[in-house]
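The values are calculated or read from the model by the stated rules, or taken from the named source; none is laboratory data. All of these numbers come straight from a predicted model, not from anything done at the bench. As a convention, Cβ positions derive from the backbone with ideal geometry for all residues, glycine included, and neighbour counts pool all protein chains shown.
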Amino acid sequence: MNNSKNINSAKDTFLRIMPLFVCLCLMTLPAGCTKTGTTAAGWKQVPEILSRIKTPQFPDKEFNITDFGAVGDGKTDCTESIKKAIASASRAGGGKVIIPAGTFFTGPIHLKSNINLYVSEGATVNFSTDSNAYMPVVYTRFEGVEIMNLSPLLYAYEQENIAITGKGTLDGQASIQNWWGRARTQSQNINASRQMGETGVLVQERIFGLGRELRPNMVQPYKCKNILIEGVTFKNSPMWHIHPVLCENITVRNVRVTGHGPNNDGCNPESCKNVLIEGCYFDTGDDCIAIKSGRNNDGRRVNVPSENIIIRNCEMKDGHGGVVIGSEMTGGVRNVFAEDCIMDSPNLDRALRIKTNSVRGGTVENVYMRNVTVGQVAEAVLLIDFFYGEGDTGQFIPTVRNINMENVTSKKSRYALSIKGYERSPITDVTLKNCTFDNVERENQLVGINNLVMENVKINGEIQK
């Protein structure tokens with residue numbers, strides 16, 4: 001009899017505490033991981049993320065590069081003059097280093113803390129295409145692997161409060177006759193850098209550069225904090241245009257990026273935290289925006305994700321993808337929000353693209369896209385691919401979960417959805433709400449996916465179930 005009372009008492013206690021236990025479990029899940037209210041819960045994070053992204057402030061001091069010997073005739077080498085202006089501003093505690101109207105020729109520009117490089121309206125900075133100008137080598141990342149290589153065109157290492165602003169133009173002058181043409185001859189060096197990453201060679205010993213060069217990126221703040229890139233036009237980078245690495249608190253606003261060379265990505269935050277990309281225009285030879293976090297063994301060594309990234313009010317023209325995650329995403333990517341963008345070009349392949357494989361591994365979670373208008377894309381509006389590059393040949397199974405699209409429309413594409421996961425490790429929790437995809441040529445490709453939810457989704461006028 002007493003045993004019966006004890007059992008009933010235990011049941012009563014369990015029934016009383018179970019609802020509270022469930023609520024606590026749901027509260028401790030990452031935002032966006034509940035089965036209901038997924039999208040709304042995710043977007044509620046945005047104001048808090050934005051509150052942490054603050055643009056840097058600079059002393060009210062000006063340093064005109066012409067006062068340090070720069071000549072805007074498009075011929076005079078202004079590298080040392082710009083270097084002296086930045087050094088002078090740094091000694092004074094910071095300020096605005098002004099590039100006035102005119103055409104200035106230079107080698108690499110290295111920014112220091114508390115410096116705002118201001119490219120005036122009517123100013124064009126043409127960067128040298130001579131590899132010798134970018135020596136000595138610096139600590140950098142090439143396609144997700146840390147190496148010592150030619151300096152990026154604009155570079156900062158372990159600095160705080162830096163900016164590139166103004167309405168002028170920064171032109172890498174890359175073409176098939178110089179940087180872009182070298183892309184065809186660098187595969188041996190690329191493979192060597194990757195092998196060094198796989199075998200754990202010390203970064204300081206992974207020396208590339210003259211005679212063993214890899215194309216530098218255009219803008220690369222490395223291990224920096226409080227970064228503003230605003231208003232400037234970037235053209236024709238040797239490789240990726242804007243590539244912050246291991247940085248925090250980044251604003252990229254109202255910039256124009258145009259370049260149709262190989263690997264001419266627009267903006268690639270890599271292993272970065274708290275990033276705002278807004279009001280930008282991308283017309284590129286590769287991905288417009290590509291979020292990354294290191295490659296393979298070297299990515300696992302560094303092991304820093306990209307997280308809390310907000311993309312809004314951008315326009316994407318040509319490119320392999322509008323908003324892309326990967327393929328160098330071994331360190332993981334989480335909490336990505338893209339809204340109010342326009343994507344439209346027969347030469348834009350996908351709107352939202354996630355690419356990885358079992359060699360890269362990594363986890364992608366909590367990705368949200370809403371209110372995006374797609375005129376046309378060549379392949380798919382949403383593409384998730386576990387077979388990119390090396391395919392399924394490794395031992396590091398990727399994880400992709402909680403991917404959301406809401407109020408996304410497309411006028412023309414080959415596929416609405418192309419989702420290819422592994423049956424042993426499927427892509428999970430993909431939700432589409434209030435989306436319309438017209439003039440879709442082929443049926444969805446759906447392999448290795450669990451819990452695909454479509455609410456009020458129309459493909460070629462038919463409601464999907």
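Can you tell me how many residues within segment 120-154 are surrounded by fewer than 24 Cβ atoms within 10 Å (Cβ to Cβ) and either within 24 Å of the chain's Cα centre (by Cα) or under 22 Å from R295 (Cα atoms) (or both)?
So the answer is 6.
Just checking, how many residues over segment 423-459 are under 26 Å from the mean Cα position of the chain (by Cα) and acidic (D, E)?
Of the residues in segment 423-459, 1 are under 26 Å from the mean Cα position of the chain (by Cα) and acidic (D, E).
Collect the residues in segment 215-250 that are β-branched (V, I, T), more than 12 Å from the chain's Cα centre (by Cα) and not in a loop (DSSP other than H, G, I, E, B), keeping them in residue-number order. Please lay out each step first, then the result.
Let us first name the residues in segment 215-250 that are β-branched (V, I, T), namely 219, 227, 229, 232-233, 242, 245, 250.
Right, trim to more than 12 Å from the chain's Cα centre (by Cα) and you get 219, 227, 229, 232-233.
Those that are β-branched (V, I, T), more than 12 Å from the chain's Cα centre (by Cα) and not in a loop (DSSP other than H, G, I, E, B): V219, I227, I229, T233.
Answer yes if at least one residue in segment 203-216 is farther than 26 Å from R360 by Cβ, among the aromatic types (F, W, Y) and either in contact with a strand residue (DSSP E or B) (Cβ under 7 Å, 6 or more places away or on another chain) or surrounded by 19 or more Cβ atoms within 10 Å (Cβ to Cβ) (or both), and no otherwise. Outline the logic, then answer.
As a first pass, look at segment 203-216 and keep what is farther than 26 Å from R360 by Cβ: 209-211.
Subset that is among the aromatic types (F, W, Y): none.
No, segment 203-216 contains no residue that is farther than 26 Å from R360 by Cβ, among the aromatic types (F, W, Y) and either in contact with a strand residue (DSSP E or B) (Cβ under 7 Å, 6 or more places away or on another chain) or surrounded by 19 or more Cβ atoms within 10 Å (Cβ to Cβ) (or both).
Please specify each residue of segment 274-290 satisfying the condition of being outside any loop (DSSP other than H, G, I, E, B) and within 13 Å of G261 (Cα to Cα).
Correct list: D283, T284.
Is it fair to say G389 is farther than 25 Å from T39 by Cα and in contact with a Pro (Cβ under 6 Å, 6 or more places away or on another chain)?
no
Do you know which of the residues in segment 414-465 that are modelled with pLDDT of 95 or more and small (G, A, S) is surrounded by the most Cβ atoms within 10 Å (Cβ to Cβ)?
Applying the filter and picking the extreme gives A416.
Of the residues V381, V374, which single one is crowded, with 18+ Cβ neighbours inside 10 Å, over 13 Å from the mean Cα position of the chain (by Cα), more than 20 Å from G421 (Cβ to Cβ) and of a type in the set (A, V, I, L, M, F, W, C)?
Going through V381, V374 in turn, the sole match is V374.
List the residue pairs whose Cβ atoms are under 7 Å apart, where the first residue sits in segment 247-271 and is more than 23 Å from T124 (Cβ to Cβ), the second is outside any loop (DSSP other than H, G, I, E, B) and of a type in the set (S, T, Y), and the two are 6 or more positions apart or on different chains.
P269/S306; E270/S306; S271/S306
Can you spot a residue in segment 404-422 that is among the acidic types (D, E) and within 23 Å of the chain's Cα centre (by Cα)?
Yes, some residue in segment 404-422 is among the acidic types (D, E) and within 23 Å of the chain's Cα centre (by Cα).
I'd like the full set of residues that are touching a Gly at 6+ places or on another chain (Cβ under 9 Å) and either surrounded by fewer than 17 Cβ atoms within 10 Å (Cβ to Cβ) or under 11 Å from K61 (Cβ atoms) (or both), limited to segment 89-102.
A89, I98, A101
I'd like the residue in segment 330-355 that is in contact with a Ser or Thr (Cβ under 6 Å, 6 or more places away or on another chain) and in contact (Cβ under 8 Å) with a residue 40 or more places away in the chain and, out of all such residues, is nearest to L276 (Cα to Cα).
Within segment 330-355, the subset in contact with a Ser or Thr (Cβ under 6 Å, 6 or more places away or on another chain) is 331-333, 342, 355.
Next, from what is left, pick out any that are in contact (Cβ under 8 Å) with a residue 40 or more places away in the chain: 331, 333.
Numbers: G331: 20, V333: 15 Å.
Filtering segment 330-355 for residues that are in contact with a Ser or Thr (Cβ under 6 Å, 6 or more places away or on another chain) and in contact (Cβ under 8 Å) with a residue 40 or more places away in the chain, the one nearest to L276 (Cα to Cα) comes out as V333.
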